[in-house]
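The values are calculated or read from the model by the stated rules, or taken from the named source; none is laboratory data. Being a predicted model, the structure only gives us computed values, none of them experimental. Every residue, glycine as well, gets a Cβ built from its backbone with ideal geometry; the counts of neighbours run over all protein chains shown. In case anyone asks, the SASA skips ligands and DNA or RNA and just uses the protein heavy atoms, side chains included. Shrake-Rupley method; radii C 1.70, N 1.55, O 1.52, S 1.80 Å.
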Amino acid sequence: MLSRSLIIKIILLVVTLAGIYFSLRIELGEDALDMLPGTSLQGDFELLQQLGMVNRVFISLELPAEADPDPDPDSNSDPDPALLASARALGEDLAASPLFDEVFYQLPEGYQFQLAAELRKYLPVLADGSDLRRFETLIKPEALREKLGEAFQTLNSPAGLAMRRQIQGDPLGFTTVILEKMSTLRGSLRLNIHDGFFVSNDGRHCLLWAESAIPLTASGNAARVNQRLEEALGRTLQYRVKARIIGPLPHTLANAGTIRSDLTRLLPFAVVVLVAFLLLFLRDWRALFLIAIPFLAAPPAVALLAGVYGRVSAMALGFGIVLLGIGVDFAVHIYIGTGSDPGAGKIPKDLRSSLLMALLTTVGVFAVLLLSRVPAHRQMALLGIIGLSWAFVLAWQLVPSLAARGRVFNLKELPFTKATRWLGEGSQRRPVKLSIWLLLLAAGLSVWPSLRYNGDLRTLDVSDPVVKEDERAFKGIWGGEEEQAFVVAVATAQDRMLNINDRVYQILARQGRTSGVQSLAVLLPGPERQAANLARWREFQEAALTGFERELQQAAIDSGFTADAFQPFLDWLESEPERLAAADFLDGPLRPFIYSLFRAFSAKNGTGNGEVSETFLAATIVPDIPANQALLDRLNREIEGVTVLSNSRWRQKVEKDLKSDIVKLSTFAALLVIMICFFFFRRLRPVAGVLAPVASALAAMALFAAFTGGELNIMHALMGIMVIGLSVDYGIFIVRSCQTAFDHRTFLAVSICAVSTLSGFGVLGFAEHPALHALGVTVLVGIGAAWPTALFITPALLATSGNREEIP
């Protein structure tokens with residue numbers, strides 16, 4: 001019959017193997033949304049995704065400067081045929097791929113005439129009061145004859161034959177008046193149209209843009225799209241033509257690649273450092289098996305995390321490196337504590353209570369992190385709770401038997417013992433140590449009010465020099481140097497959405513803020529403005545066009561035309577105007593510009609009956625500059641159905657949520673730890689001794705933040721809570737040791753645990769990714785302060801001399 005111990009070990013083995021199996025099948029993602037705090041901010045990004053902004057890829061083709069011996073960026077040169085041929089081939093290649101919903105690289109052939117016909121058809125509902133005043137000027141006899149004279153010269157030029165029907169239908173250039181307002185579709189983009197292609201002024205650059213069919217904030221999707229792009233570029237670009245890719249895609253790839261590189265590079269290094277420290281301190285090869293504890297605990301934790309969330313954030317998985325440093329703590333304490341009684345193979349009673357208390361405080365603090373607004377933080381917290389709990393179970397069941405077979409520790413042999421004896425013992429040094437500690441706390445408190453909450457999400461974005469150079473070059477060629485704000489009109493009815501979008505543009509126009517604005521309002525006015533424009537048009541017909549037919553016929557004869565040469569124009573003036581809908585232009589030549597700002601999508605209405613409802617969105621892009629902030633706030637506040645999305649507003653939201661998270665979570669964690677400590681120790685002095693490492697860690701982190709810029713970001717909210725949970729464990733073990741029998745084995749165990757944590761976190765300080773680097777460096781500072789505080793300040797607070805028991 002199997003023994004109870006063997007049955008337990010079999011269960012542990014089965015759970016661990018199952019964890020390894022399922023953890024190898026998880027879906028890993030580096031979605032940028034995982035690092036965004038608060039549902040409102042994530043909702044903003046979802047709006048951008050629905051508008052296609054997040055999934056948009058800009059491709060700038062260029063002929064390098066060395067290909068042109070005398071380039072002039074301000075000249076209006078004709079583009080090189082190789083450049084246009086490459087743009088056409090690349091656009092056709094990408095359009096054939098299912099990974100792209102839309103690809104814009106060339107306007108359709110004859111777009112000029114098609115656009116003119118469409119504008120003339122809907123001109124009565126597009127022309128506003130200022131346009132009609134210009135029309136009144138054009139139909140006056142002098143201007144009328146001047147325009148017809150120009151038309152006669154054009155018709156007798158080489159291009160005249162192609163222009164004949166257009167001139168017949170609009171000899172006075174009414175549509176040109178509307179075309180001049182179409183610049184609002186381009187916004188701040190500097191581009192020309194040559195044979196339908198979007199080219200730069202110098203003719204050496206050509207712009208394409210495409211929209212991915214899959215979200216580009218997820219690294220797996222970004223890798224697929226990038227591979228397809230690279231293949232297409234390799235097939236289609238002619239000699240000398242180069243490409244720059246701009247948008248979220250290169251940022252997602254840079255972040256994902258950096259995180260994976262960091263994990264691949266730092267995980268083995270963390271293991272090597274941990275092994276070296278264990279051998280240095282314990283001098284027993286059996287102690288190396290302690291490293292297996294976090295490795296065995298991590299797979300079941302990752303598997304359960306994937307079962308809860310479906311997809312594991314790479315940032316949360318990076319926290320697995322930290323588990324190497326934390327998960328081994330329980331095993332170290334059991335190994336050293338049990339090793340004092342060789343052959344017994346049992347955990348001493350006092351050590352059991354300390355271990356259980358440490359587990360409770362650490363898991364409790366991680367549980368507080370489940371309240372964080374940041375999804376990646378919640379995943380890290382759950383991973384920590386499961387991983388540390390399973391590491392505790394494994395250490396409790398496996399390490400005692402390993403320790404019973406190990407060596408008996410003679411601490412007098414270790415240099416560590418002499419150092420701690422000199423620093424930790426002696427009542428004459430107690431005032432010095434406490435004075436230094438109090439100075440540290442005072443310094444930390446003094447800088448805390450000066451710390452700022454930095455809500456700029458770009459601080460967590462890896463700084464890739466290639467990406468930055470491509471973006472700099474793109475802005476230099478195509479414009480868009482300023483930050484952009486997106487004023488999004490949302491409604492379940494298209495007419496209402498267009499009315500809201502109209503109102504946004506009208507407010508901007510009245511405030512004189514239309515410079516650099518990109519909007520659909522000029523081309524797609526809402527029903528309310530269409531009705532108002534149409535009413536003014538009818539007044540124009542009645543008042544200004546009376547007798548105009550005779551005047552036009554006479555002016556035509558005087559200019560060399562027949563009397564009925566412009567009958568199509570007269571027929572149009574007298575025809576019944578048509579109302580305009582978005583679909584009328586979406587399939588026309590201006591689709592690339594309209595589709596960039598307008599979307600309609602269907603979704604289930606959430607009532608459970610399976611019905612599908614439509615939602616319509618239109619974006620107005622406004623320069624996100626200080627001069628526009630008050631106006632953007634007004635739009636967001638006063639117009640129902642409007643959401644303003646901008647980096648400056650996101651920064652404010654993140655700062656608000658971040659400050660709330662830090663205050664709320666730190667308060668909850670501190671109260672939880674204090675309650676647990678009072679429950680176990682019931683007296684103020686031991687509780688103060690337990691919390692001393694926590695106070696030192698927080699003070700040190702505040703000083704470090706102040707000396708390195710004085711800013712707190714999302715990662716600090718996570719780290720502050722974690723340091724509380726880790727530091728309090730050191731205090732618990734030291735206080736328990738001082739209360740029972742002052743034993744340098746506890747000091748050795750705490751030191752090994754601190755060094756293992758520093759090795760786990762410390763290697764993240766070498767990470768290239770800003771978020772991982774902030775995680776590592778911040779905790780390196782915090783634990784670096786908590787460790788010596790536990791060794792030297794906690795005993796001093798307890799008034800323990802340190803010589804109550806001789807070292808065996």
*Got at least one residue in the range 472-491 being over 30 Å from E768 (Cα atoms), exposed (fewer than 15 other Cβ atoms within 10 Å of the Cβ) and either aliphatic (A, V, I, L, M) or at pLDDT 85 or above (or both)?*
no
*Which residue, of G526, G516, is at pLDDT below 85, within 43 Å of the chain's Cα centre (by Cα) and small (G, A, S)?*
G516
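Any chance you could count how many residues in the range 738-766 are assigned to a loop (DSSP other than H, G, I, E, B) and either among the β-branched types (V, I, T) or within 16 Å of M719 (Cα to Cα) (or both)?
Of the residues in that region, 1 qualify.
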*Going by the conditions given, is I752 more than 16 Å from P348 (Cα to Cα), buried (at least 21 other Cβ atoms within 10 Å of the Cβ) and aliphatic (A, V, I, L, M)?*
yes
_Residue list for the range 768-777, filter: open to solvent by less than 10 Å² (accessible area, probe 1.4 Å) and under 22 Å from D329 (Cβ atoms)_ = L772, L775, G776
_Verdict on R458 being assigned to a helix (DSSP H, G or I), closer than 30 Å to S737 by Cα and modelled with pLDDT under 85_ = no
*Residue by residue through the range 260-270, note down the ones that are surrounded by 20 or more Cβ atoms within 10 Å (Cβ to Cβ) and modelled with pLDDT of 80 or more.*
D262, L266
*Sole exception among (1) open to solvent by less than 50 Å² (accessible area, probe 1.4 Å); (2) among the polar types (S, T, N, Q); (3) not in a helix (DSSP H, G or I) for S515, by number*: (1)
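Do any helices (runs of 4 or more DSSP H) entirely within the range 102-201 hold 3 or more residues that are surrounded by fewer than 17 Cβ atoms within 10 Å (Cβ to Cβ), and if so, which? Break it down into steps so the answer makes sense when it comes.
Numbers: elements: 111-126, 129-138, 141-155, 160-169, 174-179.
Output list reads 111-126, 129-138, 141-155, 160-169.
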_Here's a check for you: in the range 368-393, which residue that is in a helix (DSSP H, G or I) and free of Cβ contacts under 8 Å to residues at least 24 places away in the same chain is least open to solvent (accessible area, probe 1.4 Å)?_
A381
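Looking for something modelled with pLDDT under 85, open to solvent by less than 10 Å² (accessible area, probe 1.4 Å) and either of a type in the set (S, T, Y) or more than 13 Å from F704 (Cβ to Cβ) (or both) - is there at least one such residue anywhere in the range 782-794?
There is no residue in the range 782-794 that is modelled with pLDDT under 85, open to solvent by less than 10 Å² (accessible area, probe 1.4 Å) and either of a type in the set (S, T, Y) or more than 13 Å from F704 (Cβ to Cβ) (or both).
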*In the range 345-365, how many are open to solvent by 10 Å² or more (accessible area, probe 1.4 Å) and on the phi < 0 side of the Ramachandran plot?*
13
*asked:* Among the listed residues V273, V312, V302, V308, identify the single one that is open to solvent by less than 10 Å² (accessible area, probe 1.4 Å) and of a type in the set (V, I, T).
replied: V312
*When you scan the range 1-98 for helices (runs of 4 or more DSSP H) that lie fully inside it, which ones turn up with 2 or more residues that are open to solvent by less than 20 Å² (accessible area, probe 1.4 Å), touching a Phe, Trp or Tyr at 6+ places or on another chain (Cβ under 6 Å) and at pLDDT below 85?*
none
*Candidates A521, A555, A543, A563 - the one that is in contact (Cβ under 8 Å) with a residue 60 or more places away in the chain, small (G, A, S) and closer than 22 Å to E136 by Cα*: A555
*asked:* Please go through (1) out of contact with any Leu (no Cβ under 9 Å at 6 or more places or on another chain); (2) closer than 20 Å to I436 by Cβ; (3) buried (at least 22 other Cβ atoms within 10 Å of the Cβ) for L726 and return the number of the only condition it doesn't satisfy.
replied: (2)
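Restricting the range 492-512 to residues that are polar (S, T, N, Q) and not in a loop (DSSP other than H, G, I, E, B), which is surrounded by the fewest Cβ atoms within 10 Å (Cβ to Cβ)?
At the first step, the residues of the range 492-512 found to be polar (S, T, N, Q) are 492, 494, 499, 501, 506, 511.
Filter again for not in a loop (DSSP other than H, G, I, E, B), leaving 494, 499, 501, 506.
Details: Q494: 20, N499: 19, N501: 32, Q506: 14.
Across the range 492-512, the extreme among qualifying residues is Q506.
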*Among the numbered criteria (1) at positive phi; (2) part of a helix (DSSP H, G or I), which single criterion is violated by R529?*
(1)
*Only one of (1) touching a Gly at 6+ places or on another chain (Cβ under 7 Å); (2) surrounded by fewer than 17 Cβ atoms within 10 Å (Cβ to Cβ) fails for A692. Which number is that?*
(2)
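Looking at this structure, is G444 modelled with pLDDT of 70 or more and under 21 Å from A692 (Cα atoms)?
Numbers: modelled with pLDDT of 70 or more: yes; under 21 Å from A692 (Cα atoms): yes.
Against the criterion (modelled with pLDDT of 70 or more and under 21 Å from A692 (Cα atoms)), G444 qualifies.
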*Sort out which residues of the range 578-600 are modelled with pLDDT of 80 or more and open to solvent by 20 Å² or more (accessible area, probe 1.4 Å), and write them in order of number.*
E578, R579, R591, Y595, A600
*Check off (1) under 29 Å from T620 (Cα atoms); (2) assigned by TED's automatic domain parsing to the domain that holds G129; (3) open to solvent by less than 60 Å² (accessible area, probe 1.4 Å); (4) of a type in the set (D, E) for E211 and give me the number that stays unchecked.*
(2)
_Evaluation of G173 against (1) at negative phi; (2) in contact (Cβ under 8 Å) with a residue 12 or more places away in the chain; (3) more than 47 Å from the chain's Cα centre (by Cα) (one fails), failing number_ = (1)
*Consider L267 carefully, then state whether it is touching a Ser or Thr at 6+ places or on another chain (Cβ under 8 Å), more than 30 Å from G91 (Cα to Cα), assigned to a helix (DSSP H, G or I) and touching a residue at least 40 places away in the same chain (Cβ under 8 Å).*
no
